[in-house]
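Structure first, commentary second.
The values are calculated or read from the model by the stated rules, or taken from the named source; none is laboratory data. Keep in mind the model is a prediction, meaning the values are calculated, not measured. FYI the Cβ positions are ideal-geometry reconstructions off the backbone, even for glycines, and counts take in every protein chain you see.
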């Protein structure tokens, strides 16, 4: 199995990532990698990601932007 990410702008247009990912052997490895470098991806122009397993979409799009903190 090969777990891969697709990087997109908010409108769904595919963009090249600021940090080139590898093909991951587990979903956990793919998600850990994303958790470590998501800020760099946002700075490089990505707004959201989709996760694939051997070409099958597992989930997404998932925003890379932190949600605004709710004010009471």
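Things to note:
- Taking the conditions (1) outside any helix (DSSP H, G or I); (2) modelled with pLDDT of 95 or more; (3) crowded, with 16+ Cβ neighbours inside 10 Å in turn, residue 33 satisfies each one other than (1).
- Residue in region 45-55 that is loosely packed, with under 14 Cβ neighbours inside 10 Å, modelled with pLDDT of 95 or more and in a strand (DSSP E or B) present: no
- Of everything in region 3-37 that is touching a residue at least 24 places away in the same chain (Cβ under 8 Å) and in contact with a helix residue (DSSP H, G or I) (Cβ under 6 Å, 6 or more places away or on another chain), the residue that is nearest to residue 58 (Cα to Cα) is 3.
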